[in-house]
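Structure record follows, encoded as structure tokens.
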Amino acid sequence: MNKLFQNEWIKLFGRKGTKVLIALALIASVLAVGIQMLSDRETRVSWQEPYQNAVSRYEAQLNQYPEYNAEEWLSETEYKADILRWNNEIQKNRFCLDSGIPSWDWRMGIVDRYFRNMQLLDAVRAGWNSQDLERYFGFPSDLDLAQVEETNKELMVYILGNDYSTYNKEQLQLAEERLLKLKESVFVEGGEKTVELAQADTEMLERYVTYNVPPNAKDNWISVAIARIRENQGNIIEWKYEVNTDAETARENVMLSEAAKVSIQKDLFSLTNNLPSSDIMKEVYTERTTYLQFFENSFLMSASVVILGILLAVWLICMEYRYGTIATLVLYPFKRNQMLHAKYLVLEVMLLCVTLLECLITLCIGKYLYPVSGTDPVYMTVVKGTVYWVPYFAAVLLRYLAVFVQAVIMVTFAVMVSVLVRSSSVAVFSGLFAYLILPQIVRMMYSYFGKFFVLRYEMFVNLDLTRIAGNLPPVTFAEWWAASLIVIVWWFIFRRVSYAVYKRQEI
Amino acid sequence: MRSQSVILDVKNVTKKFGLVTAVNHVSLQVREGEIYGLTGPNDSGKTTLIKMILGHLRPTAGNISVFGYDNQKEYADAVDFIGATMEYPNHYPYLSGWQNLMMTANMYPDVNKARVEEVTELVGLKSVIHQKVKSYSLGMKQRLSIAQSILKYPQLLILDEPLKGFDPSAMHDFVQLMKSIAANGTSVLLTSYLLEDLEELCDRVGIMSHGYLIAERAMADLQVGDTSSFTIRIKEGSEAEAYQLLRDNQNKDIDETYSFDKVSDCIFEITSSTMPPSRLNRILVEAGIDVEEIRTHRQTLEELYTSLTGGAEIE
Ligand SMILES: Nc1ncnc2c1ncn2[C@@H]1O[C@H](COP(=O)(O)OP(=O)(O)OP(=O)(O)O)[C@@H](O)[C@H]1O
Ligand SMILES: [Mg+2]
């Protein structure tokens, strides 16, 4: 067996093409840096730049706007509404620029509110009637202008003072009062749902106060986690009260709710243990690219390992037929099954090495070029209601392991087809088709045919094991364990078929 | 000869590919130390028969045993004795000849590097053995195949068209090599269209046609038992004397009868199964007639082949 393995190794690596393919697969992981750089060039700009762009854009629009002309516009009010709106935007962006408030700052929400109110006040000063205000700006007609002005003064204090502690406390108090009032009132518009949403708001604000973090700050992971919990709660409540849904949508809602609950559980775990999950860190704004973002990007390249596996497997099998060497091979004092076994083994060892190398290259580049992590994240998963976590780097390894398993399974399929048809072009096509295209087709057809669609037991659509690692089922219709089971059963069948055919076939 | 043990025993083997019957009830035996040549026109089923012996194809009917092991039921045991080359040279072209041989050597615990070197020398590939096989000529590939097949000291050597691509000197080397291998007790089964070379090399020859084994001859029988002829060229000027002498001696001795023909001025063709050319030579020389050349024409394998296969074209 050892000798057979050696021979297969010589056959595989004695060929230049093998080395070239492996080099290409590894270069792909280096290429991720290039992709990261490109995407950084798009997104990594100074915080002022978006504001400056917005200001000049609106100014240009205003300057190019022709004089009002009754024949061309529907109404003069609409014409004026545009001008009002654009002026308001210019003011807002200028304000942010002057007061040094970047877009990820927690005060952004307050600034938005402030300028929305300004829009109202400006319109009233310009003589708009309440009917037009509602029609063109969506302001309710029963607004108390004095109250609005008062609110804006308060908002400005917070903006300039940058005092989120007090703001949080005040907001919490307001929310609690509102909740109490809702609970006490006999008739509530929206019923239970409104109460539950208000309850969720209160909980969120309580957390902002407890952890004493700026609310809705995009650059603070605790704040991001708290906002995300509220968002998931909101969705769960919406799905719960959704009426008039067909059975399929209802089922989907249940599944989505389950996923949302898992997400909430993880975020709460992160908060209480001060361990930000990688899920959260992905959403946190950082001024420089972090290795976490780089890994996410470079991980897309790992498909190259699977494709490499398919190509080399097909070659290693089919070349024996093409060169006619299969005839001498079967004369050696080993069982045919052992020969095939050695081929499998060589391919698997080769893939393991390539996967680990690719992982290593990615880790090194990531650590070297993108040393900033924000806060060191952990990888979290929930199994049967319990949260488990590992350091993020271990998770990177695990993900590459999933890629390896995927590659091994695709190799088995490619070997089987190669043994059956003995034609490398047909085998390569089948392998790539099954890996890249078939899952898309099945997913698409599933959405037409619904849950009775039998093709969901097809293997390849269940194969995206990295989704399982991310707590997502590979397909919306199978639990992760069901998907894994389907994959294992198919893998076993492919393997058996390849042995059975190889053993019996005439040469 | 008959007493030697049977190494390869093909019994009543038939192979059908759909409607085509490639091999039809063929039985043959190869004995210890024997070189058996198989010939026949294209499509006659030689390769198919060999593939069945090697276990590449399963016979539709009949069975084959090697050293008494059935090559279907006890494949590993049967194949253990066999070394083989295929109809087309088959190597990994992107590897060197040496690597190809070493991979085969790897498969047999008792074949070491020294043996690989020895065999390389034996087939005359030493100078090119470290070049890639894709740079080899057909003859060189053929030699590599033979080297590969004899590496493990097989007791039965099966060669499908091993002579293809050999120049005369290579052919000579090959014949010597096979003879020495056979002298050590290895049996050889080979196919070829080169009838003269088969004649020189083989102990027995089988002729196949349309899937049947239509004739089997020991070369010794072929040479002794069948009529042969030879031509004699004498020195210019003594044609008349020679003619006279030949006529006189024609039926002189009952054990040395012959018939003859004057082919051209100085050349006579003699047909006989009993008169050896050397004897007639002496008669002529003793009578003072200088003999310039004697050319023997036994009934050749070629003639047998032509008569049996109806002169089917050999390509
Ligand atoms: N795998 C196969 N499938 C179908 N028919 C086959 C197969 N192999 C051989 N044959 C047929 O069997 C017949 C005998 O072929 P074979 O190769 O044995 O002849 P051969 O005597 O070796 O000819 P050649 O002298 O040209 O090598 C041919 O008619 C061929 O078409
Ligand atoms: Mg042939």
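Taken together, the values in this text are just the output of simple stated rules run on the coordinates, not laboratory data. Predicted model, so just to flag it, every value in this text is computed and none were measured. Ideal geometry is used to build each Cβ from the backbone, glycine not excepted, and the neighbour counts take in all protein chains shown.
Data overview
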read-out	value
Share of Cα-Cα pairs in the stretch A:163-284 lying beyond 20 Å, as whole percent	50 percent
J(HN,Hα) series, the stretch B:263-268, from Karplus relation 6.51 cos²θ - 1.76 cosθ + 1.60, nearest Hz, glycine and proline x	7, 8, 3, 10, 10, 10
Span from the the stretch A:288-335 Cα centroid across to the the stretch B:1-69 one, whole angstrom	40 Å
For the protein assembly as shown, convex hull of alpha carbons as volume per residue, Å³	283 Å³
Mean Cβ neighbour count within 10 Å, used as a protection proxy, ranking A:421-427, B:77-83 highest first	B:77-83, A:421-427
10 Å Cβ neighbours from other chains, averaged over peptide A:320-331	6
Rel. contact order, % - alpha carbon contacts under 8 angstrom, at least six apart, chain B	20 percent
Net dipole in debye of the protein assembly as shown [+1 Lys, Arg Cβ; -1 Asp, Glu Cβ; about Cα centre; nearest 20]	1920 debye
Neighbouring partner chain Cβ atoms per residue of B:42-54, average, 10 Å criterion	1
Computed over the stretch A:48-142: relative contact order in percent, which uses C-alpha pairs under 8 Å that are six or more apart	29 percent
Burial order of peptide ranges A:55-64, A:388-397, A:171-180, B:92-101 (average beta-carbon count within 10 Å, highest first)	B:92-101, A:388-397, A:171-180, A:55-64
Above-threshold pairs, the threshold being 20 Å between Cα atoms, out of A:K193/A:K282; A:K16/B:K126; B:K235/B:K262; A:K335/B:K113; A:K335/B:K141; A:K261/A:K384	A:K193/A:K282; A:K16/B:K126; A:K335/B:K113; A:K335/B:K141
Candidates B:V119, B:V128, B:V285, ranked by Gaussian network fluctuation over chain B, Cα under 10 Å, top entry	B:V285
Convex hull volume per residue for the stretch A:48-142, taking Cα atoms only, in Å³	107 Å³
Listed residues B:I53, B:I129, B:I270, most fluctuating in chain B (Gaussian network, C-alpha, under 10 Å)	B:I270
For the stretch A:245-280 and the stretch B:262-295, distance of Cα centres in Å	110 Å
Fully extended contour minus Cα-Cα distance, from A:E78 to A:E154, at 0.36 nm per residue	24.2 nm
Per-pair calculated FRET efficiency, R0 = 30 Å: A:F492 and A:W9 via Cβ, rounded to 0.05	0.70
Helical mean residue ellipticity (222 nm; -39500 (n - 2.57) per DSSP H run of 4+; nearest 500) of chain A	-24500 deg cm²/dmol
Normalised contact order of chain A, rounded percent, pairs of Cα under 8 Å and 6 or more residues apart	15 percent
Helix A:192-211 axis, angle to chain A major axis (alpha carbon atoms, nearest 10°)	80 degrees
Nearest 10 degrees, 0 to 90: helix A:336-369 Cα axis against chain A principal axis	30 degrees
Dipole magnitude (debye, nearest 20) for the stretch A:48-142, charges at Cβ of Lys, Arg, Asp, Glu	420 debye
Partner chain coverage, peptide B:96-103 - average Cβ within 10 angstrom	3
Above-threshold pairs, the threshold being 19 Å between Cα atoms, out of A:K11/B:K152; B:K16/B:K51; B:K51/B:K134	A:K11/B:K152; B:K51/B:K134
Antiparallel %, DSSP beta bridges [both residues in the protein assembly as shown], to 5	70 percent
Charge dipole (debye, nearest 20) of the stretch A:242-383; +1 at Cβ of Lys and Arg, -1 at Cβ of Asp and Glu	860 debye
Mean-position separation - Cα centroids, the stretch B:107-141 and the stretch A:430-444, in angstrom	46 Å
Volume per residue that the Cα convex hull of chain B spans, once the total is divided by residue count, Å³	172 Å³
Selected from A:T272, A:Q199, A:A227, residue furthest toward positive end of dipole (the stretch A:191-275; charges at beta carbon)	A:T272
